[in-house]
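Q: Structure in structure tokens, see below.
Any read-out appearing in this document is the output of simple, stated calculations on the displayed coordinates, not a laboratory observation. What you are looking at is a predicted structure, and each value in this text was computed from that prediction instead of being measured. Quick reminder, even Gly has a Cβ in these numbers, built from the backbone with ideal geometry, and neighbours come from all protein chains shown.
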Ligand code: AVJ
């Protein structure tokens, strides 16, 4: 019974968000966190294999190359928490490096039970690491992790993959401040950020030739159909990736090919969508290195070290919580 009530709650929260985003005045929108149901997560994993999308490979390369140095910069007993573990494959290098030093706890925080299970399987073979997963929203999970801290133990928070870029500004600063508030001075944050790069390269990365990103985007409508009993006709929408130069962000939209009316039965509403109108589904901000430094400072962190990939402009920044 308890699980059932919980999933009903989740359906109604999803429904309320969808309703708000589709019926608001002006630009319609759907929150990007809903892109990641089971199918959406698989599609994202596929995106990360595309030649046009170098982000995930750059992230992993940096972590592989510099894991030893990252660990050396954090002496003593350290507990590793990760916000949004995904499949966990990128995290392997850091955990192996910590495990060589001493027994280490790794606490992935994920809203997807499937992703947590996959991460546990992927990392199960690493010596001297115990995995304690938290099926929670990021900040809730981090609070619980902090509550398990032993005296003298440091927390390293991993926030990889440039997920921070999905927050608009200044929501990114606010989010890092909230992380900082849960931490103590001397704790650390390793933040992955995708950097500014030529617009053509960005458009290719978010509108790939195989159409995987288009499928990833359209799956959001398919998910609303599946879970909220809606009647979106997927062929009536077109994937669009555009660069917003004012905010230095790639935006994903779904553009209606003609006038239509859509009903979302389980959320109890219907909405008219005009030909050419778009539903905004994701923002992916591209940072400058200066901006990353400013972000750290505003949130109460000091930059301890930074590594930038030579093939794909992406940065890993190790920040330490200030006093
Ligand atoms: C997982 C949020 C980093 O913004 O690049 C990939 C998601 N969207 N292609 C990104 C995404 C379209 C991705 N992040």
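Q: Tell me whether the chain comes out rounded, prolate or oblate; compute the Cα gyration tensor, take square roots of the eigenvalues as a ≥ b ≥ c, and use a/c under 1.5 as the rounded threshold.
A: Prolate is the answer for the chain, as a/c is 1.5 or above and a/b outweighs b/c.
Q: Running a GNM on the chain with Cα contacts under 10 Å, which residue among 35, 183, 49 ends up with the highest mean-square fluctuation?
A: Between 35, 183, 49, it is 49 that shows the largest mean-square fluctuation.
Q: Considering the Cα trace of region 163-318, what is its radius of gyration and what is Dmax, both in angstroms?
A: When restricted to the Cα atoms of region 163-318, Rg and Dmax are 18.9, 56 Å.
Q: Right, something else. State, in angstrom, two size descriptors of region 20-70 derived from its alpha carbons: Rg to one decimal place and Dmax to the nearest whole number.
A: So, for region 20-70, Rg and Dmax equal 16.6, 51 Å respectively.
Q: Using Cβ counts within 10 Å as a stand-in for footprinting exposure, how do 71, 151 rank, fewest first?
A: Starting with the residue having the fewest Cβ neighbours, the order is 151, 71.
Q: Any idea how far apart residue 127 and residue 150 come out in nm if each label point goes 7 Å out from Cα toward Cβ?
A: Label-label distance for residue 127 and residue 150, simple model: 2.0 nm.
Q: Express in nm, to one decimal, how much length is gained between residue 258 and residue 270 on full extension, taking 0.36 nm for each residue of separation and deducting their alpha carbon distance.
A: Taking 0.36 nm per residue and subtracting the Cα distance, the gain is 2.7 nm.
Q: Give me the number: length gained by fully extending residue 277 to residue 140, i.e. 0.36 nm times residue separation minus the C-alpha to C-alpha distance, one decimal in nm.
A: On the way: separation 137, 0.36 × 137 = 49.32 nm, distance 3.62 nm.
In short, 45.7 nm is gained.
Q: Using the Cα atoms as the points, what is the convex hull volume per residue of region 237-289 in Å³?
A: Dividing the Cα hull volume of region 237-289 by its residues yields 95 Å³.
Q: Another question about this same structure. Can you give me the angle between helix 289-299 and the longest principal axis of the chain, using Cα atoms only, in degrees from 0 to 90, rounded to the nearest 10?
A: Approximately 80 degrees, to the nearest 10.
Q: Right, next: Using Cβ contacts closer than 10 Å as the measure, can you line up 246, 29, 316 from fewest to most?
A: Fewest-to-most ranking of 246, 29, 316: 246, 29, 316.
Q: Moving to a separate point now. From the helices alone, meaning DSSP H stretches of at least four residues, give me the mean residue ellipticity at 222 nm for the chain, per-run term -39500 (n - 2.57), in deg cm²/dmol to the nearest 500.
A: On the way: 10 runs with 129 residues, N = 323.
Using -39500 (n - 2.57) per qualifying helix, the result is -12500 deg cm²/dmol.
Q: Where both partners of a DSSP beta bridge lie in the chain, what percent of those bridges are antiparallel, to the nearest 5?
A: 60 percent
Q: Please rank 126, 94, fewest neighbouring Cβ atoms within 10 Å first, as an exposure proxy.
A: Starting with the residue having the fewest Cβ neighbours, the order is 126, 94.
Q: Once you have a ≥ b ≥ c as the square roots of the Cα gyration tensor eigenvalues for region 275-320, tell me rounded if a/c is under 1.5, and otherwise prolate or oblate according to whether a/b is larger than b/c.
A: It is oblate, given that a/c is not under 1.5 and a/b is not larger than b/c.
Q: For residue 77 and residue 289, compute 0.36 nm times the residue count separating them, minus their Cα-Cα distance, and round to one decimal in nm.
A: Here the segment from residue 77 to residue 289 would lengthen by 73.3 nm.
Q: Give the Rg (one decimal place) followed by the Dmax (whole number) of region 107-181, computed from C-alpha coordinates and expressed in Å.
A: Values for region 107-181 (Cα only, Rg and Dmax): 13.7, 40 Å.
Q: Over region 53-187, what lengths in whole Å, largest first, do the semi-axes of the equivalent ellipsoid take, defined as the square roots of 5 times the eigenvalues of the alpha-carbon gyration tensor?
A: 20, 19, 16
Q: Return the distance in nm (one decimal) between the two label points of a simple spin-label model at residue 167 and residue 238, each offset 7 Å from Cα along Cα→Cβ.
A: If labels sit at residue 167 and residue 238, their model points lie 3.5 nm apart.
Q: Then there's this: Measure nothing fancy, just the Cα-based angle from helix 38-47's long axis to the longest principal axis of the chain, in degrees from 0 to 90, nearest 10.
A: Taking Cα atoms only, the helix is inclined about 70 degrees.
Q: Right, next: Write down the Å³ per residue value for the convex hull defined by the alpha carbon atoms of region 1-105.
A: 169 Å³
Q: Separate question: Determine the shape class of region 243-323: with a ≥ b ≥ c the square roots of the Cα gyration tensor eigenvalues, call it rounded for a/c under 1.5, and otherwise prolate if a/b is greater than b/c, oblate otherwise. Show your work: numbers first, answer last.
A: Working: a/c = 3.88, a/b = 2.39, b/c = 1.62.
It is prolate, given that a/c is not under 1.5 and a/b is the larger ratio.
Q: Can you give me the angle between helix 138-147 and the longest principal axis of the chain, using Cα atoms only, in degrees from 0 to 90, rounded to the nearest 10?
A: Around 30 degrees separate the two axes.
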